[in-house]
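> First the structure, which I've put down as structure tokens, then a few questions once you've had a look.
The values are calculated or read from the model by the stated rules, or taken from the named source; none is laboratory data. Bear in mind the structure is a predicted one, so any value in this text is a computation, not a measurement. Here Cβ is always computed from backbone atoms with ideal geometry, including for glycine, and neighbour counts include all displayed protein chains.
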Amino acid sequence: MTVVYRNPIGLHPPTDNLYSHVSVADGRHSYRIGGQVALDAEGRLVATDMAGQIRCCYEMVTTALRALGLDWRAVTHLNTFTTDMDEYLRAERAIAPSFFGSTPPPSTLVEVSRLVDPAWLVEVQADASSD
């Protein structure tokens, strides 16, 4: 299974290379990983700062992907919700490349007034594909 990320001519360049516009997956199986937040396996909040919560969310998505026998190369789209867009963008620039490499998947980033728990600053949902 291969996922190819594309930025077609005629679409604006991805901001700070934090996402791609299009993913093409040739896999037969499609997966949705529900929103992951900065909680450990026992349900305890593991970080109170934006960078720590982003990193934890990505680590939780990594755990879910591994349980499916996949890695970040199978991700076809991310939906991210944050309570502070500016702080999220500042923090993500340093964190994303260690998970996405140089070719990040298409993504949607939305600022919300709050998440289920007011201590949560970020929630990340991922779609993936495989053979």
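> Look at TYR58 and say whether it is among the aromatic types (Phe, Trp, Tyr), touching a Pro at 6+ places or on another chain (Cβ under 7 Å) and surrounded by 15 or more Cβ atoms within 10 Å (Cβ to Cβ).
The answer is no for TYR58.
> When the range 61-71 is examined, which residues are found to be buried (at least 18 other Cβ atoms within 10 Å of the Cβ) and of a type in the set (D, E, K, R)?
Scanning the range 61-71 gives no hits.
> Step by step: first the residues of the range 106-127, then only those that are part of a loop (DSSP other than H, G, I, E, B) and in contact with a strand residue (DSSP E or B) (Cβ under 9 Å, 6 or more places away or on another chain), then the one that is nearest to PHE81 (Cα to Cα). Which residue is that?
Looking at residues that are part of a loop (DSSP other than H, G, I, E, B) and in contact with a strand residue (DSSP E or B) (Cβ under 9 Å, 6 or more places away or on another chain), I get VAL112.
> Further question: I'm trying to understand the selection: among the residues of the range 25-55, which are farther than 14 Å from SER130 by Cβ and exposed (fewer than 14 other Cβ atoms within 10 Å of the Cβ)?
Those that are farther than 14 Å from SER130 by Cβ and exposed (fewer than 14 other Cβ atoms within 10 Å of the Cβ): GLY34, ASP40, ALA41, GLU42, GLY43, ARG44, THR48, ASP49.
> Taking the range 72-88 as the search range and keeping residues that are touching a residue at least 60 places away in the same chain (Cβ under 8 Å) and not basic (Lys, Arg), which one is surrounded by the most Cβ atoms within 10 Å (Cβ to Cβ)?
VAL75
> Considering ALA119, ALA128, ALA67, which residue is farther than 23 Å from THR15 by Cα and either in contact with a helix residue (DSSP H, G or I) (Cβ under 7 Å, 6 or more places away or on another chain) or modelled with pLDDT of 95 or more (or both)?
Answer to the selection: ALA119.
> Right, another one. Can you tell me which of THR83, THR103 is on the phi < 0 side of the Ramachandran plot, at pLDDT 95 or above and either of a type in the set (Val, Ile, Thr) or within 12 Å of the chain's Cα centre (by Cα) (or both)?
One residue alone meets the criteria, THR83.
> Provide a single number: the residues in the range 1-29 that are in contact (Cβ under 8 Å) with a residue 12 or more places away in the chain and not in a strand (DSSP E or B).
So the count comes out to 13.
> Given the conditions (1) under 26 Å from LEU115 (Cα atoms); (2) surrounded by fewer than 12 Cβ atoms within 10 Å (Cβ to Cβ); (3) not aromatic (Phe, Trp, Tyr), which single one is not true for GLY10?
So the condition that GLY10 fails would be (1).
> Do you know which residues across the range 106-129 are over 13 Å from the mean Cα position of the chain (by Cα) and crowded, with 18+ Cβ neighbours inside 10 Å?
TRP120, LEU121, SER129
> Are any of the residues in the range 30-47 part of a loop (DSSP other than H, G, I, E, B), of a type in the set (A, V, I, L, M) and within 15 Å of GLU92 (Cβ to Cβ)?
Yes, there is a match, as at least one residue in the range 30-47 is part of a loop (DSSP other than H, G, I, E, B), of a type in the set (A, V, I, L, M) and within 15 Å of GLU92 (Cβ to Cβ).
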